[in-house]
Amino acid sequence: MQRILVVGGYGFFGARICAALARNPRVQLLIAGRSGEKATALAYQLGLRADNARAIDAASPQLPQMLRKLGVNTVIHTAGPFQDQDYGVARAAIQAGANYLDLADGREFVAGIGELDAAARQANVAVVSGASSLPALSSAVIDRYLPEFSRLDAVRSGITSGALVPGIATIRAVLGYCGQPFRVLENGEWTVEYGWLDTVEHEFPKPVGSRPLGRCDVPDLDLLPRRYPTLRTSSFHAGYASRTAHGVTEWLAKRVRDGKLKSALPLAGLTYRVARWLQPIASDRGAMFVTLEGVDPDGDPLSLTWNLVARENDGPNIPCAAAIALCGKLAAGATLAAGAYPCMGLLTVEELLEPLKGLSIRELAPANARNLA
């Protein structure tokens, strides 16, 4: 039996993870957040009791003692944005002798998690960052199709959302690097791009269709070149269901890039309200793609594109799948290697898609792949 505490458990992603874990008979779930009332309300909604909810401030210096007193085996941290956070929750989990997972999308946060490696090893716990679409799912897709290549030269990936508006923390994460410079690997050279600019029109499979996508600063930009040393290009673009929302974000990005606006962050609240207003008229369909380019074993150029398409606003369940799958493994008696590392190589594509069964989410494998795992 795994006693799992979800920080931000009643939030946009946390609630979805809690709903899945509540159905696992091998999991004792604790829904945690600053509001005990909200945590309790979700517990009742999921058919649990009030003692499955806890009012916990993740920033409290007493967090290690709280986790130890509660007998927590694993902590899942979903309370972003992670771009400006330290590793306080992860350190608390280590001190309490508990495993730690997070859904972090902050590039430096996920790429730098290794600084906790010695402490995690000493405590014999796993500290896993980025248990989300990136890098958990993106790297699993690459690992699945890597045997098709004698040399992998480029990975280009992207996500377009459906209409459902995420929490304000996600909006803050998006606007945090809007118009800000960051490094990307292009054609073997590290160059500078700007958040939500370099817009491209990408054709997703039906029923999603064509969507505008802009550059985003994500952990994969650092992690993929480390994991796949032959890479000469690693890029990621993202966009919205609403072209109006994308156009506004692009306009803000240009103003930040040109020095007319210091940051788009102060507009997070307004952006959230406008997005909620647009939600009823935007598409409920989203998608993710990963394109691999390189050379096949015969020396010929090879390009493979994998897609995941979501309907009925089921897309937000995709970033939750890695944490759910890993907790399922732990609850079944599996162990994770002690140490601190990004969530790469821990789950196969099949394991990541298992928690999404029954939802309106469909995988489209590359038609020209020859050696499917």
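Can you name every residue in the range 344-373 that is open to solvent by less than 60 Å² (accessible area, probe 1.4 Å), outside any helix (DSSP H, G or I) and touching a Lys or Arg at 6+ places or on another chain (Cβ under 7 Å)?
Of everything in the range 344-373, those that are open to solvent by less than 60 Å² (accessible area, probe 1.4 Å), outside any helix (DSSP H, G or I) and touching a Lys or Arg at 6+ places or on another chain (Cβ under 7 Å) turn out to be Met344, Ser360.
Of (1) out of contact with any helix residue (DSSP H, G or I) (no Cβ under 7 Å at 6 or more places or on another chain); (2) at negative phi, Ala119 satisfies all except one. Which?
(1)
Modelled with pLDDT under 95, crowded, with 18+ Cβ neighbours inside 10 Å, in contact with a strand residue (DSSP E or B) (Cβ under 9 Å, 6 or more places away or on another chain) and outside any loop (DSSP other than H, G, I, E, B): which single residue out of Ala253, Ala245, Ala275, Ala268 fits that description?
Ala245
Just need a number here: residues in the range 198-226 that are open to solvent by 10 Å² or more (accessible area, probe 1.4 Å), charged (D, E, K, R) and within 15 Å of Arg107 (Cβ to Cβ).
The number of residues fulfilling the criteria is 4.
Across the range 278-329, which residue is surrounded by the most Cβ atoms within 10 Å (Cβ to Cβ) among those that are closer than 30 Å to Arg232 by Cβ, over 19 Å from the mean Cα position of the chain (by Cα) and among the polar types (S, T, N, Q)?
To start, the set of residues in the range 278-329 that are closer than 30 Å to Arg232 by Cβ comprises 286-309, 318-319, 321-322.
Of the ones still in play, those that are also over 19 Å from the mean Cα position of the chain (by Cα) are 292-305.
Of the ones still in play, those that are also among the polar types (S, T, N, Q) are 303, 305.
Values: Ser303: 14, Thr305: 19.
In this case the residue turns out to be Thr305.
Consider Trp190 carefully, then state whether it is of a type in the set (Phe, Trp, Tyr) and in a helix (DSSP H, G or I).
no
Does any residue of the range 153-166 turn out to be of a type in the set (Lys, Arg), at pLDDT below 95 and open to solvent by 30 Å² or more (accessible area, probe 1.4 Å)?
For the range 153-166, residues of a type in the set (Lys, Arg), at pLDDT below 95 and open to solvent by 30 Å² or more (accessible area, probe 1.4 Å): absent.
Can you name the helices (runs of 4 or more DSSP H) wholly within the range 111-186 that have at least 1 residues being closer than 26 Å to Gly209 by Cβ?
Numbers: elements: 117-123, 138-145, 168-176.
In the range 111-186, 138-145, 168-176 are the helices (runs of 4 or more DSSP H) which contain 1 or more residues that are closer than 26 Å to Gly209 by Cβ.
Which of the residues spanning the range 172-221 are charged (D, E, K, R), out of contact with any His (no Cβ under 7 Å at 6 or more places or on another chain) and under 20 Å from Ser283 (Cα atoms)? Working first, answer last.
First, the residues of the range 172-221 that are charged (D, E, K, R): 172, 183, 186, 189, 193, 198, 201, 203, 206, 211, 215, 217, 220.
Subsequent filtering for residues that are out of contact with any His (no Cβ under 7 Å at 6 or more places or on another chain) retains 172, 183, 186, 189, 193, 198, 201, 203, 206, 217, 220.
Glu201, Glu203, Lys206, listed by residue number.
Take the residues of the range 1-20 that are free of Cβ contacts under 8 Å to residues at least 60 places away in the same chain and within 17 Å of Ala131 (Cβ to Cβ): which is surrounded by the most Cβ atoms within 10 Å (Cβ to Cβ)?
Top of the filtered list is Cys18.
Pull up the range 21-60, narrow it to residues that are crowded, with 22+ Cβ neighbours inside 10 Å and small (Gly, Ala, Ser), then point me to the one that is farthest from Arg91 (Cα to Cα).
Ala43
Take the range 330-343 and flag every residue that is among the small types (Gly, Ala, Ser) and either in contact with a His (Cβ under 9 Å, 6 or more places away or on another chain) or open to solvent by 40 Å² or more (accessible area, probe 1.4 Å) (or both).
Residues of the range 330-343 that are among the small types (Gly, Ala, Ser), as a first pass: 331-334, 337-340.
Once the filter is applied, which keeps residues that are among the small types (Gly, Ala, Ser) and either in contact with a His (Cβ under 9 Å, 6 or more places away or on another chain) or open to solvent by 40 Å² or more (accessible area, probe 1.4 Å) (or both), the range 330-343 yields Ala332, Gly333, Ala334, Ala337.
Quickly run through the range 278-310 and pick out the residues that are outside any strand (DSSP E or B) and more than 21 Å from Thr244 (Cβ to Cβ).
Asp296, Pro297, Asp298, Gly299, Asp300, listed by residue number.
Taking the range 94-114 only, how many residues are out of contact with any Ser or Thr (no Cβ under 8 Å at 6 or more places or on another chain), within 22 Å of Pro135 (Cα to Cα) and not basic (Lys, Arg)?
The qualifying residues number 5.
For the range 82-110, which positions are over 21 Å from Ala331 (Cα atoms), open to solvent by 40 Å² or more (accessible area, probe 1.4 Å), in contact (Cβ under 8 Å) with a residue 12 or more places away in the chain and assigned to a loop (DSSP other than H, G, I, E, B)?
Scanning the range 82-110 gives Gln83, Asp84, Gln85, Asp105.
Only one of these conditions is not met by Leu231: (1) surrounded by 15 or more Cβ atoms within 10 Å (Cβ to Cβ); (2) in contact (Cβ under 8 Å) with a residue 60 or more places away in the chain; (3) outside any loop (DSSP other than H, G, I, E, B). Which number is it?
Every listed condition holds for Leu231 apart from (3).
Can you find a residue in the range 43-52 that is free of Cβ contacts under 8 Å to residues at least 40 places away in the same chain, assigned to a helix (DSSP H, G or I) and within 20 Å of Pro166 (Cβ to Cβ)? Before the answer, list the steps.
Of all residues in the range 43-52, those free of Cβ contacts under 8 Å to residues at least 40 places away in the same chain come to 43-52.
Going one step further and asking which of them are assigned to a helix (DSSP H, G or I), we end up with 43-45, 50-52.
Keeping just the survivors that are within 20 Å of Pro166 (Cβ to Cβ) gives 45.
Yes: the range 43-52 contains one or more residues that are free of Cβ contacts under 8 Å to residues at least 40 places away in the same chain, assigned to a helix (DSSP H, G or I) and within 20 Å of Pro166 (Cβ to Cβ).
Does Gly71 satisfy the condition of being more than 20 Å from the chain's Cα centre (by Cα), over 18 Å from Gly130 (Cβ atoms) and either without any contact (Cβ under 8 Å) to a residue 12 or more places away in the chain or open to solvent by 50 Å² or more (accessible area, probe 1.4 Å) (or both)?
Judged against the criteria, Gly71 is not a match.
Quick one: is Ala332 under 30 Å from Gly88 (Cα atoms) and more than 18 Å from the chain's Cα centre (by Cα)?
Answer is yes for this residue.
The values are calculated or read from the model by the stated rules, or taken from the named source; none is laboratory data. Just so it is clear, the model here is predicted, and its values are computed rather than measured. Note that each Cβ is placed from the backbone with ideal geometry, even for glycine, and that neighbours are counted across all protein chains shown. The accessibility values were calculated without ligands, DNA or RNA, using every heavy atom of the protein model including side chains. Shrake-Rupley method; radii C 1.70, N 1.55, O 1.52, S 1.80 Å.
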